[in-house]
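Rule-based calculations on the coordinates, nothing more; no lab input. Here the structure is a predicted model, which is why all the values come from computation and not from measurement. No Cβ is skipped: glycine too gets one built from the backbone with ideal geometry, and neighbour counts run over all protein chains shown.
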Amino acid sequence: MTKSLVIYYSRAGQNYVNGDIVDLPVGNTEIVVNYIKEFTGADTFKVETVEDYPIDYMETTEVAKEELNNNARPELKEELTDISEYDIVYIASPNWWGTLPMALFTQLEKLDFTGKIVKTVVTHEGSGLGSTMGDVKKLCQGAEIKKGLAIHGAEAKNSKSNVERWVE
């Protein structure tokens, strides 16, 4: 039987949605992760930073931009060290400044993706996959990288059928 894992980062609280700052009880990416879990029975691992991002959305975007510009590797509360029992690894993430949040770089660089199938889904507010797929190819060397899926964040709640088609 195929065993799957979703490694993800998601931001609840203040988010940019259709031009407005809105308070989300569950982050858009986490909504999508729950659909993947429902369709595949995948295990999940949420990437969380030791230092929380600011509550204010605009402040978070500035911190995220600084991390990207400095090629930072934020420290994580918990790190996954072994994915050998999994056949398929889903990477789920918001698009921050055109790619994954740097916290996901911190996590993914520590894993051996040799022989894995990697499927990436990104939530965004207009920037699609950006350069995420190129970065995933670098971070997940030795894996078979499948076509990525971009979901407009505001549509995350309505993306269930798209996610179902994509995981199959």
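When ranked by the protection proxy of mean other Cβ atoms within 10 Å per residue, highest first, what sequence do the peptides 3-13, 76-86, 20-30 form?
Sorting 3-13, 76-86, 20-30 by mean packing, highest first, produces 3-13, 20-30, 76-86.
Could you please report the charge total around GLU30, scoring K, R as +1 and D, E as -1 over all other residues with beta-carbon less than 13 angstrom from its beta-carbon?
+2
Lys/Arg Cβ at +1, Asp/Glu Cβ at -1, dipole of the stretch 4-167 taken about the Cα centre: which of TYR35, ASN71, ALA143 is farthest positive-ward?
Of the listed residues, the answer is ALA143.
Step through the table entries LYS116/LYS160; LYS3/LYS138; LYS3/LYS65; LYS37/LYS138; LYS77/LYS160; LYS65/LYS160, compare each Cα-Cα distance with 28 Å, and write down the pairs that go over it.
LYS3/LYS65; LYS77/LYS160; LYS65/LYS160
Note down the Stokes-Einstein diffusion coefficient of the stretch 4-167 in µm²/s, whole number, using a Kirkwood radius over alpha carbon pairs, 25 °C, and 0.890 mPa s. Show your work: numbers first, answer last.
Details: Rh = 15.7 Å.
Here the translational diffusion coefficient equals 156 µm²/s.
What's the extension gain from ASN162 to SER131 if we count 0.36 nm per residue and subtract their Cα-Cα distance?
Numbers: separation 31, 0.36 × 31 = 11.16 nm, distance 2.13 nm.
Working it through step by step, the gained length comes to 9.0 nm.
To make sure I understand the rule: partners must be aspartates and glutamates, Cα under 12 Å from the Cα of LYS146, and not fewer than 8 residues away in the same chain. Which ones qualify?
Straight-line reach from LYS146, under 12 Å: GLU168.
Quick one: net charge of PHE39's neighbours, Cβ under 13 Å, K/R +1, D/E -1?
Every neighbour counted, the sum reads +1.
In whole Hz, with x marking every Gly and Pro, tabulate ³J(HN,Hα) for the stretch 90-107 from phi via Karplus 6.51 cos²θ - 1.76 cosθ + 1.60, θ = phi - 60°.
Rounded to whole hertz, the list is 8, 10, 10, 7, x, 8, 10, 6, x, 7, 6, x, 4, 4, 5, 4, 3, 6.
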